[in-house]
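What follows is a single structure, written as structure tokens, with notes after it.
The values are calculated or read from the model by the stated rules, or taken from the named source; none is laboratory data. Everything numeric in this text was worked out from a predicted model, so none of it was measured. Cβ placement follows ideal geometry from the backbone for every residue including glycine, while neighbour counts extend to all protein chains displayed. When the accessible area is computed, the model is the full protein with side chains, heavy atoms only, and any ligands, DNA or RNA have been set aside. Shrake-Rupley method; radii C 1.70, N 1.55, O 1.52, S 1.80 Å.
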Amino acid sequence: MVERALELSQNDACVVLVDEGSTANLRFAGNTLTTNGVARSSRLTVISIAGEGVGVVSRASVREEQLADVVAAADAAARGAQPAEDARPLVEGVPQSADWGSDVRPTDIGVFEGFAPALGEAFAAAEAGGRKLYGFAEHSLTSTFLGTSTGVRLRHDQPTGRLELNAKSADLKRSAWTGVSTEHFTDVDVAALDSSLAQRLEWAKTRVDLPAGRYETLLPPSAVADLMIYLFWSAGARDALDGRSVFSKPGGGTRVGEQLGRLPVTLSSDPGAAGIACAPFVTAHASSRQSSVFDNGLPLEPTDWIKDGRLEALLQTRYSAELSELAVTPGIDNLIMTGAESGRSLEEMIASTQHGLLVTCLWYIREVDPQTLLVTGLTRDGVYLVEHGEVVGEVNNFRFNESPVDLLGRLTEVGASERTLPREWNDYFQRTVMPPVRVPDFNMSTVSQAS
């Protein structure tokens, strides 16, 4: 399909992307499997270039006899388009992927072969313990094929898996959540996850109501991931250059080179990172302020966005890099945060806390002020009071107001990093490695009635 679409285009240049996707899922409620299923999908994107005009047409499930019409529509759109500001010569000279012509092997329900029996055992343990488990497990495999008229032929097969697990007491008044990210479901310890949820439901038997205010707060890796993902999404060079973001320098330019935090925190991306590997080349289905269709096929390298607390790079296309006079650093589909090499576990951080809050996860995060990256959101499924190194009860939920960038300058401890699943953003971004952190004055702005 890629080769035929390239042949059909009558314009100056062409980029074709085909995404072949497959998913398998299990869903459960009240300690019972409720549904399971598999699905297939296919999407063709034709990016036609006439001079500096660009036409993009994307269609799902295109049949062979429909291909010419899709390409013709993209060609026509390009001829009628205004010159694109990000127009650049297409990438060339990239080695072809060795598996370019190999068959697509979709995922199927067999990916849960070892996981499903363990889930059944967890159902039995939960039933015996007087709690109910709810949630879903999902695995997807997307094969992306990228071809261009300059000879680029690249392919990437991306496995992605997630498990969300929610435990509730028999009367449904206490709730706890956990989730994991996985490539193949062979490394998911369901029994350990259920045990951690059981402990938190036990903590919640004691209720402590607290007012709004600033509290020393321990954020687990999942909550840190949600905050850092939003920081990452907001780190576009174009917005910074235009004075529209927290990374804009007063008077013009960007804040690249500025120290954002006191602790040696590093926020990075690496296409080859073990367990969270992602596409090692740019796949841009359309141009935006943070991506360019002309960069399709550009190789991706390990990139430090923040290094030892210092802002190192922003999301750059070749076009924005020329404007900023900084290196070309396109977005990468994973995110890694690390601190001190010998960071402590969350359990060890709890044990050293005299008085503070332990937050399970964040929810409904929304931006309030892009100039400071102030966001608001809610706590959910468990906020706990820690006294003298022990959890003594569950606290009411809060609405919070915080800036991820400002938090970097106020952290007093960064723990050991681990692979985690964000709660809020896992529909869009799942490949993260994050540490737990200690914030001395996290702003719980108001009490939330959510339960």
Report summary line: Spelling it out for Y215: with amide H atoms placed in the peptide plane at 1.01 Å from N, the residues 5 or more places away or on another chain with amide H under 5 Å from its amide H are F442, M444
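Where the accessible area of region 248-311 is counted over protein heavy atoms with a 1.4 Å probe, how much of it, in %, is carbon and sulfur?
Carbon and sulfur atoms account for 53 percent of the accessible area of region 248-311.
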Query raised in the report: By accessible area of protein heavy atoms, probe 1.4 Å, what ranking do E52, E347 get, highest first?
Result: E347, E52
Requested in this report: Name the lysines eligible as straight-distance cross-link partners of K205: C-alpha to C-alpha under 17 Å, and not fewer than 8 places from it in the same chain.
Outcome: K132, K168, K173
Requested in this report: Calculate what fraction, in whole %, of the accessible area of region 369-425 sits on carbon and sulfur atoms when a 1.4 Å probe is rolled over the protein chains.
Outcome: 46
Report summary line: Rg/Rh over Cα atoms for region 220-334, Kirkwood Rh, comes to 0.95
Query raised in the report: Dipole of region 186-323, Cα-centred, from +1 at each Lys and Arg C-beta and -1 at each Asp and Glu C-beta, to the nearest 20 debye?
Result: 520
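Could you calculate the contour length gain from K249 to R366, that is, 0.36 nm times the residue separation minus the distance between their Cα atoms, to one decimal place in nm?
Value of the extension gain: 39.8 nm.
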Requested in this report: For E402, tell me the accessible area in Å² from a 1.4 Å probe, rounded to the nearest 10.
Outcome: 10
Report task. Tally up the carbon and sulfur contribution to the accessible surface of region 192-238 as a whole percent, 1.4 Å probe, everything protein left in place. Result -> 52
Query raised in the report: So who's got an amide H within less than 5 Å of the one on E418, skipping anything under 5 residues away but keeping other chains? H placed 1.01 Å off N, in plane.
Result: M434
Requested in this report: Compare the Cα positions of G409, W425, V391 along the charge dipole of region 370-443 (+1 at Cβ of Lys, Arg; -1 at Cβ of Asp, Glu; about the Cα centre) and return the one farthest towards the positive end.
Outcome: W425
Query raised in the report: How big is the charge dipole of region 304-451 about its Cα centre, in debye rounded to the nearest 20, if each Lys and Arg gets +1 on its Cβ and each Asp and Glu gets -1 on its Cβ?
Result: 200
Query - Rough spin-label spacing in nm, given labels placed 7 Å along Cα→Cβ, for E341 and L172 - result: 5.2
Query raised in the report: For region 150-157, what does the Karplus curve 6.51 cos²θ - 1.76 cosθ + 1.60, with θ = phi - 60°, yield as ³J(HN,Hα) per residue in whole Hz, taken in order and with x for Gly and Pro?
Result: 8, x, 5, 9, 10, 9, 9, 9
Report task. Provide the solvent-accessible area of S324, counting protein heavy atoms only and rolling a 1.4 Å probe, rounded to the nearest 10 Å². Result -> 20
Query - Given charges at Cβ of Lys, Arg, Asp, Glu: the chain dipole, positive-most of T23, F247, S102 - result: F247
Query raised in the report: For the residue pair Q96 and D308, what label-to-label distance in nm results when each label sits 7 Å from Cα along the Cα-to-beta-carbon direction?
Result: 4.5
Report summary line: With x for Gly and Pro, the residue-by-residue ³J(HN,Hα) of region 372-387, computed from phi through the Karplus equation 6.51 cos²θ - 1.76 cosθ + 1.60 at θ = phi - 60° and given in whole Hz, is 10, 6, 6, 10, 10, x, 10, 7, 7, 6, x, 10, 10, 8, 10, 10
Report task. Please get the size of the charge dipole for the chain, origin at its Cα centre, with Cβ charges of +1 on Lys and Arg and -1 on Asp and Glu, quoted in debye to the nearest 20. Result -> 960
Report task. Calculate the spin-label point distance for T35 paired with S58, positioning each point 7 Å from the Cα along the beta-carbon direction, and give it in nanometres. Result -> 2.5
Query raised in the report: Quick one: Karplus J couplings for region 86-100, per residue in order, coefficients 6.51, -1.76, 1.60, θ = phi - 60°, nearest Hz, x for Gly and Pro?
Result: 8, 4, 8, x, 5, 5, 8, x, 8, x, 5, 4, 5, 9, 3
Query raised in the report: Rank K173, K132, K205, K307 by accessible area, highest first, at a 1.4 Å probe radius?
Result: K173, K205, K307, K132
Report task. For N31, enumerate residues with amide H under 5 Å from its amide H, sequence gap 5+ or separate chain, H modeled in the peptide plane. Result -> L133
Query raised in the report: Per residue, how many Å² of accessible area does region 119-238 show with a 1.4 Å probe?
Result: 37
Query raised in the report: Rank T23, T45, T186 by accessible area, highest first, at a 1.4 Å probe radius?
Result: T186, T23, T45
